[in-house]
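Here's the structure we're looking at; comments come further down.
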Amino acid sequence: CESPWQHERFEVMKPVVFVRETPGLDAAKVAQVRRGCMVSGRVSNGWLCLDHETRSTANVPETAAGAFMLIDGRSRGLGLLLESRGCHGSSKDSLAMPLEFLALRDLRLRDKPDSEATGRLIAEGSIVKGYPGAESWLEVAGGGFLPITSAAEAKTTTDVSEAKDFLELRSALQPLLPQIFAEAIQVKWEPLPLQSAAHVEYSLQWQDMGETARGGRVSAARRCTAHLRSLPPAVPLRIRIVARIFAPLPGGNPCYRGKEDPTSRSWQDQRLVGRWLYGAKPSEYRIGRRT
């Protein structure tokens, strides 16, 4: 992979390929992926270390210490398990313009993801423009890379939910609430600036701050509005917008993609997550009956 991202995408070539907790055929199996599915991550010593998104779609347990798939098993009589579909990682070919981020701490630019942080200082409070990409890295407009969260700098894929934000997405995917009812809210947001060949599907995620196990997701497809209904009265919520971006892969057929096959070999699938709105911020929305 010659891309500075060093992030490669593969298609599963066998009916079932197992995901293992560590690189090794004797390691514990933590999930399995079927033929035709797309998986992505970083390659190391003949094994693919799955990225956060692939771990999620493959239903790898959060308790798993790692998630690895053998790429070529021909020397062990298993055949070719995964076939490369090229490097990917950046959203530059999907977005019409870079997105704005706020630096939440002092950061230094890097030549590529995972390289030493020896570049120009980005001071806390600075506005940075760039293209978010794989494994929580930002490709900065003008050159260089910055970690979006602490998960980008982690050497393992564990504790993703506990990652600390280094950069905060600004204008894009910011929810607005034009209507608040007794047990429902209407949420709107501005669309992403996409290239003409790219498509996006939005969803609204919500969580009850009092009972964090209670929450859900509302699909908005390509619309930029959604409703949360049947909410408990007087519940404090946190909400965020998630965008799933589909862009044509090099050599692919962009006319071929159905909803039943959102990760076909013709399309690159990326996920952009807006920041949670919650807590003591003005963006906390407490749903209650008006008196």
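The values are calculated or read from the model by the stated rules, or taken from the named source; none is laboratory data. A quick note: this is a predicted structure, and the numbers were derived from the prediction, not measured. Please note: Cβ atoms are built from the backbone with ideal geometry, for glycine as well, and neighbour counts cover all protein chains shown. Accessible surface areas use protein heavy atoms only, side chains included; no ligands, DNA or RNA. Shrake-Rupley method; radii C 1.70, N 1.55, O 1.52, S 1.80 Å.
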Point to revise | Identity of the residue in the range 192-202, at pLDDT 90 or above and under 16 Å from ARG240 (Cα atoms), that ends up surrounded by the fewest Cβ atoms within 10 Å (Cβ to Cβ) | key: LEU192
Point to revise | Residues of the range 10-51 satisfying the condition of being open to solvent by 40 Å² or more (accessible area, probe 1.4 Å) and not in a strand (DSSP E or B) | key: MET13, LYS14, PRO15, GLU21, THR22, PRO23, LEU25, ASP26, ALA28, ARG35, CYS37, ASN45
Practice item. Among the numbered conditions (1) more than 16 Å from ARG20 (Cβ to Cβ); (2) at pLDDT below 90, tell me where GLY79 comes up short. Key: (2)
**Study point:** Qualifying residue in the range 234-255 (condition: buried (at least 17 other Cβ atoms within 10 Å of the Cβ), in contact with a Gly (Cβ under 9 Å, 6 or more places away or on another chain) and at pLDDT below 80)
**Key:** yes
Review point. All but one of (1) more than 20 Å from PRO147 (Cα to Cα); (2) surrounded by 20 or more Cβ atoms within 10 Å (Cβ to Cβ) hold for GLU83; which doesn't?
Key: (2)
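Limited to the range 102-127, what total is found for residues that are in a loop (DSSP other than H, G, I, E, B), closer than 24 Å to ARG42 by Cβ and touching a residue at least 40 places away in the same chain (Cβ under 8 Å)? I'd like the intermediate steps shown before the answer.
Residues of the range 102-127 that are in a loop (DSSP other than H, G, I, E, B), as a first pass: 104-106, 109, 111-120, 123-126.
Add one more test, that the residue is closer than 24 Å to ARG42 by Cβ, and what stays is 109, 111-119.
Right, trim to touching a residue at least 40 places away in the same chain (Cβ under 8 Å) and you get 111-114.
The qualifying residues number 4.
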Check your understanding: Hey, among the residues in the range 171-187 that are modelled with pLDDT of 85 or more and within 21 Å of the chain's Cα centre (by Cα), which one's surrounded by the fewest Cβ atoms within 10 Å (Cβ to Cβ)?
Key -> GLN174
Check your understanding: open to solvent by 40 Å² or more (accessible area, probe 1.4 Å), within 21 Å of MET97 (Cβ to Cβ), part of a loop (DSSP other than H, G, I, E, B) and at pLDDT below 80 - does that describe any residue in the range 268-282?
Key -> yes
Study note, to complete from the structure: Of the residues in the range 52-80, those that are open to solvent by 60 Å² or more (accessible area, probe 1.4 Å), over 18 Å from GLY24 (Cα atoms) and assigned to a helix (DSSP H, G or I) come to GLU53, SER56, THR57
